[in-house]
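The values are calculated or read from the model by the stated rules, or taken from the named source; none is laboratory data. Note that this is a predicted model, so its numbers are computed, not measured. Please note: Cβ atoms are built from the backbone with ideal geometry, for glycine as well, and neighbour counts cover all protein chains shown.
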Amino acid sequence: MTALEPTKLDRPRTARDRSAADAKAAKSVTAKLRRAEFGDRLRSLALAAPLLVLLALSFGIPIVLLLSRAVYDPTIADALPQTSQALRGWNGAGLPGDAAFLALAADLRDNQAMGTAYELAKSLNARVPGARSQVLKTVRQLEAADRPPLEVMKAVPFWSAPGTWPVIESGTHSVTSFYLLSALDLHWNADGGIERVPPQQAIFLQVFMRTFFVAAAVTLATLILGFPLAYLIASVPKGLAAILIVAVLLPFWTSILVRTAAWTVLLQKFGLVNDLLLWLGIADDRLDLMYSRIGLIIAMTHIQLPFTLLPIYSVMRTIPPSQMKAAYSLGAKPFTAFRRVYLPQVFPGVMAGCLLTFILCLGYYITPALIGGASDQLISNFIANYVNVELNWEMAAALSFILLVFTLALFGIFARILGLDRLKLV
Amino acid sequence: MTAEATALSCDSGEPAGAADAGSRGFVEFVDVEKSYDGRTFAVTRLNLGVARGEFLTLLGPSGSGKTTTLNMLAGFERPTSGVITLEGRSVDRLPPYERNIGMVFQNYALFPHMSVEENVAFPLSVRKITKTDVAARVGRALDMVRLRQFGDRRPAQLSGGQQQRVALARALVFEPSLVLMDEPLGALDKKLREHMQLEIKQLHTMLGVTIVYVTHDQSEALTMSDRVAVFNNGGIAQLGSPDDLYNAPESSFVASFIGENNTLLGKVERISGKDCRVALDGGGSVTALAIGVEEGAACHVAIRPERLRLVSASNGANGLAATVEGRIYLGDHQRLLARLENGQVLTVKVGPEATMGNGEPVTVSCAPNDCRAFPADAGTGGSISKTGE
């Protein structure tokens with residue numbers, strides 16, 4: 001740098017000059033480096049751009065839109081504009097004034113005229129069980145117009161029941177915590193606090209627990225079956241290992257629906273598994289394997305085995321046989337050598353395999369639907385039910401959101417414990 | 001250093017006479033054979049004794065059975081037949097973790113998830129030694145290989161040579177009486193390898209430990225060993241001190257495997273005493289030491305390049321006329337490629353001052369004692385069969 005500034009050359013340079021010049025040089029190098037890297041970064045971004053756009057359009061935006069329905073539901077607010085207006089000053093205690101009743105009656109008539117009454121009834125029904133028939137009944141009576149609207153409204157006990165108006169009031173706000181709370185078996189009580197719903201209405205916590213239990217059981221089963229098999233594949237000669245890997249992967253290449261269907265054939269009351277158990281004398285009578293928890297876990301374990309096994313195998317393969325030999329030669333008995341030398345080294349693979357299987361199990365849908373019984377339906381089945389049958393997308397979104405949060409939290413904990421770089425997924 | 005030497009050596013208190021009495025019997029292979037597939041043998045009829053405190057090297061090309069031999073001694077392989085004894089006891093039923101043999105592996109086999117200290121402490125901790133004692137001995141062992149300051153590093157943070165020294169410390173820290181080394185320097189570059197050879201040799205002298213060392217590098221074997229067992233085709237081709245092997249090879253294989261050798265092809269004309277007269281293929285003849293050759297049979301005559309001299313005329317006993325075909329300058333000496341009249345080519349080691357050019361006629365001569373005639377069929381260098389390993 002100084003060579004370019006001849007005027008400064010004849011002056012003796014002090015240490016401060018020098019360090020300043022060095023700093024300046026370092027800065028210019030950093031700047032140059034950043035410029036050079038910026039081009040590279042732009043290029044890699046351009047290469048990834050089509051995929052990023054596709055992901056954003058087909059994955060990111062739909063998920064955000066769907067999940068936003070868990071907290072944003074304008075149906076009731078849109079359908080009841082006058083009621084919304086009338087309830088603005090209400091404190092939420094007891095019943096609102098007659099003006100609110102009249103506004104609601106007017107709104108109900110308007111909805112009937114526009115043909116949206118049924119939709120409103122369904123939407124209210126999602127929040128207050130039994131609301132649908134009450135709304136439709138009231139609408140019919142209002143339409144008959146043989147009595148004043150206020151009288152009609154007061155005559156239907158539903159509109160004077162303690163739980164109705166708070167729900168309508170909360171519905172007039174487009175942003176609602178109702179669905180998210182419901183997904184956790186919680187609701188707002190009359191005093192404006194959050195409490196658990198009555199036991200006969202509580203359902204989702206139990207389903208979440210069941211989902212986690214099934215996922216944990218399947219993960220454990222695949223680990224118990226997969227770990228020794230992975231060890232075997234990693235220790236046999238290459239040719240045999242390739243054959244074993246194909247054997248493990250073969251079911252993996254079959255559609256999950258086909259495999260589940262195959263299990264229904266095997267597990268049914270007069271199926272092969274029951275025949276075998278009877279013939280071997282293990283069971284005295286035919287077992288109910290189909291539509292049961294145990295059948296569900298068997299089928300899911302079979303499907304998930306490669307997901308647990310492959311990350312474990314990929315780590316085991318990198319551990320040279322000399323590691324165990326060294327441990328033996330240093331005086332470690334086989335179990336000690338395994339525990340202190342082998343296991344710590346395959347641990348990241350075990351964790352990755354288990355995490356993969358556990359998270360995939362949380363989202364199982366087809367297998368529980370076909371093999372599980374009524375009490376073996378997992379959270380995905382409920383989400384599907386809300387989407388396909390009940391048409392309550394808000395509830396589906398809320399359940400999905402809770403599931404997503406649980407999954408991400410779990411992943412975060414694993415990543416924190418192990419460090420993401422140590423999670424060897426494949 | 002002496003205190004450490006005493007602490008780490010196994011049998012320093014033993015009287016020298018007692019060690020000599022059963023000296024060769026410290027490790028003993030008796031008629032040991034090993035076959036992996038039931039048809040071919042990786043090791044055949046192996047008889048080998050190792051003395052206490054000896055540095056014995058198993059040297060041979062890959063597939064010659066040296067690693068199999070080491071693995072059987074370590075306990076990773078069981079002999080198909082025969083007996084291996086350690087200090088007079090058969091180790092046939094002894095698993096590797098009860099043999100108390102230290103082992104250093106080619107790729108070091110350090111435990112990547114443990115620090116250097118934890119690696120070295122491992123053999124002590126599995127032996128249920130108290131924590132303070134472990135710390136003291138790990139410290140001494142790391143001092144011994146000059147790595148005390150790297151104790152809390154992971155193996156991956158060390159250079160190859162440092163990793164190898166950790167492996168040495170780990171194999172020595174529990175004071176085994178026998179240490180096996182399986183090509184421990186194979187992964188290091190030449191300069192570091194030569195340095196580590198010296199270091200291992202010093203440790204051996206300091207600790208008085210018995211070392212069985214496997215390598216395929218003949219210069220390494222010659223530098224370090226008290227004795228070398230040259231392996232070929234699953235058996236020992238020759239067992240002896242480095243200078244025995246170099247100066248008096250007993251087979252064509254050993255002659256060509258250890259150091260550089262010229263090989264002349266010919267046929268034995270007659271045997272007189274320990275000498276024989278060999279008629280070379282294509283013309284000419286030499287007198288050589290007869291090593292198991294028969295009259296009328298084809299033979300190989302081995303001559304070291306440094307034993308060949310250039311003489312003015314064919315006056316010596318083994319004078320052969322030749323033409324210079326090339327000269328390789330190597331600084332302290334030069335190598336001359338000389339084509340004999342019969343077409344065979346000899347390499348001659350000459351001084352740095354020699355100046356002869358290509359095509360110049362020379363006469364090459366060699367004392368009969370420096371020419372060794374071997375049978376052409378058995379144990380030739382070219383026929384290294386791959387049996388297992």
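Of all strands (runs of 3 or more DSSP E) completely enclosed by the stretch B:298-370, which ones contain at least 3 residues that are without any contact (Cβ under 8 Å) to a residue 24 or more places away in the chain?
B:334-340
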Which numbered condition residue B:148 misses (of (1) crowded, with 21+ Cβ neighbours inside 10 Å; (2) more than 14 Å from chain A (Cβ to nearest Cβ)): (1)
Members of the stretch B:290-310 found to be crowded, with 20+ Cβ neighbours inside 10 Å and either over 14 Å from residue B:346 (Cα atoms) or of a type in the set (A, V, I, L, M) (or both), listed by number: B:290, B:291, B:293, B:299, B:301, B:302, B:303, B:308
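Yes/no per residue for (1) aromatic (Phe, Trp, Tyr); (2) more than 30 Å from residue A:234 (Cα to Cα); (3) in contact (Cβ under 8 Å) with a residue 12 or more places away in the chain:
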| site | (1), (2), (3) |
| --- | --- |
| A:275 | no, yes, no |
| A:298 | no, no, yes |
| A:308 | no, no, yes |
| A:315 | no, no, yes |
| A:320 | no, no, no |
Condition check for residue B:94: within 14 Å of chain A (Cβ to nearest Cβ), assigned to a loop (DSSP other than H, G, I, E, B), more than 25 Å from the chain's Cα centre (by Cα) and not charged (D, E, K, R): yes
Yes/no for residue B:156 being modelled with pLDDT under 90, surrounded by fewer than 23 Cβ atoms within 10 Å (Cβ to Cβ) and under 15 Å from residue B:110 (Cα atoms): no
Residue under evaluation residue B:163, criteria (1) on the phi < 0 side of the Ramachandran plot; (2) at pLDDT 90 or above; (3) more than 13 Å from chain A (Cβ to nearest Cβ), criterion not met: (3)
Tally of residues being crowded, with 18+ Cβ neighbours inside 10 Å and farther than 18 Å from residue A:348 by Cβ across the stretch A:206-228: 8
Every pair of residues 6+ apart whose Cβ atoms lie under 7 Å, when the first sits in the stretch A:370-385 and is within 12 Å of residue A:207 (Cβ to Cβ) and modelled with pLDDT under 90 while the second is assigned to a helix (DSSP H, G or I) and charged (D, E, K, R): A:376/A:293
Lone unmet requirement of (1) within 14 Å of chain A (Cβ to nearest Cβ); (2) under 22 Å from residue B:207 (Cα atoms); (3) outside any strand (DSSP E or B) for residue B:102: (3)
Residue within the stretch B:105-112 that is at the interface with chain A (Cβ under 8 Å from one of its Cβ atoms), under 32 Å from the mean Cα position of the chain (by Cα), in a helix (DSSP H, G or I) and not polar (S, T, N, Q) present: no
Given (1) in a loop (DSSP other than H, G, I, E, B); (2) within 14 Å of chain A (Cβ to nearest Cβ); (3) more than 23 Å from the chain's Cα centre (by Cα), index of the condition residue B:120 fails: (1)
Residue A:235 being over 19 Å from residue A:365 (Cα atoms) and touching a helix residue (DSSP H, G or I) at 6+ places or on another chain (Cβ under 9 Å): yes
Some residue of the stretch B:101-115 being touching a helix residue (DSSP H, G or I) at 6+ places or on another chain (Cβ under 7 Å), surrounded by 15 or more Cβ atoms within 10 Å (Cβ to Cβ), touching a residue at least 24 places away in the same chain (Cβ under 8 Å) and farther than 21 Å from residue A:320 by Cβ: no
Matching helices (runs of 4 or more DSSP H) fully within the stretch A:1-82 where at least 3 residues are modelled with pLDDT of 75 or more, out of contact with any helix residue (DSSP H, G or I) (no Cβ under 9 Å at 6 or more places or on another chain) and under 28 Å from residue A:116 (Cβ atoms): A:61-68
Options A:157, A:148, A:198; residue that is under 30 Å from residue A:372 (Cα atoms), loosely packed, with under 13 Cβ neighbours inside 10 Å and without any contact (Cβ under 8 Å) to a residue 60 or more places away in the chain: A:198
Selection status of residue A:342, of a type outside the set (Asp, Glu) and within 14 Å of chain B (Cβ to nearest Cβ): yes
Any hit, the stretch A:302-309, residues being buried (at least 20 other Cβ atoms within 10 Å of the Cβ) and among the aromatic types (Phe, Trp, Tyr): yes
Scan of the stretch B:180-228 for residues that are surrounded by fewer than 18 Cβ atoms within 10 Å (Cβ to Cβ), of a type in the set (Gly, Ala, Ser) and part of a helix (DSSP H, G or I), ordered by number: B:219
Those residues of the stretch B:123-137 which are within 13 Å of chain A (Cβ to nearest Cβ) and under 32 Å from the mean Cα position of the chain (by Cα), in sequence order: B:123, B:124
Flag for residue A:146 being among the charged types (D, E, K, R) and in a loop (DSSP other than H, G, I, E, B): yes
Identity of the residue in the stretch A:343-377, part of a helix (DSSP H, G or I) and of a type in the set (Phe, Trp, Tyr), that ends up nearest to the chain's Cα centre (by Cα): A:358
Flag for residue A:185 being without any contact (Cβ under 8 Å) to a residue 24 or more places away in the chain and buried (at least 18 other Cβ atoms within 10 Å of the Cβ): yes
Residue within the stretch B:49-67 that is within 14 Å of chain A (Cβ to nearest Cβ) and buried (at least 21 other Cβ atoms within 10 Å of the Cβ) present: yes
Filtered residues of the stretch A:299-336 (kept if within 14 Å of another protein chain (Cβ to nearest Cβ) and among the β-branched types (Val, Ile, Thr)): A:315, A:318, A:319, A:336
Single unsatisfied condition, residue B:246 versus (1) modelled with pLDDT of 95 or more; (2) of a type in the set (Ser, Thr, Tyr); (3) over 28 Å from residue B:115 (Cα atoms): (1)
Test for residue A:80: is it among the aliphatic types (A, V, I, L, M) and without any contact (Cβ under 8 Å) to a residue 40 or more places away in the chain: no
Among (1) among the basic types (Lys, Arg); (2) part of a helix (DSSP H, G or I); (3) closer than 25 Å to residue A:347 by Cβ - the single one residue B:153 does not satisfy: (2)
Those residues of the stretch B:83-95 which are more than 13 Å from residue B:49 (Cβ to Cβ) and surrounded by 18 or more Cβ atoms within 10 Å (Cβ to Cβ), in sequence order: B:91
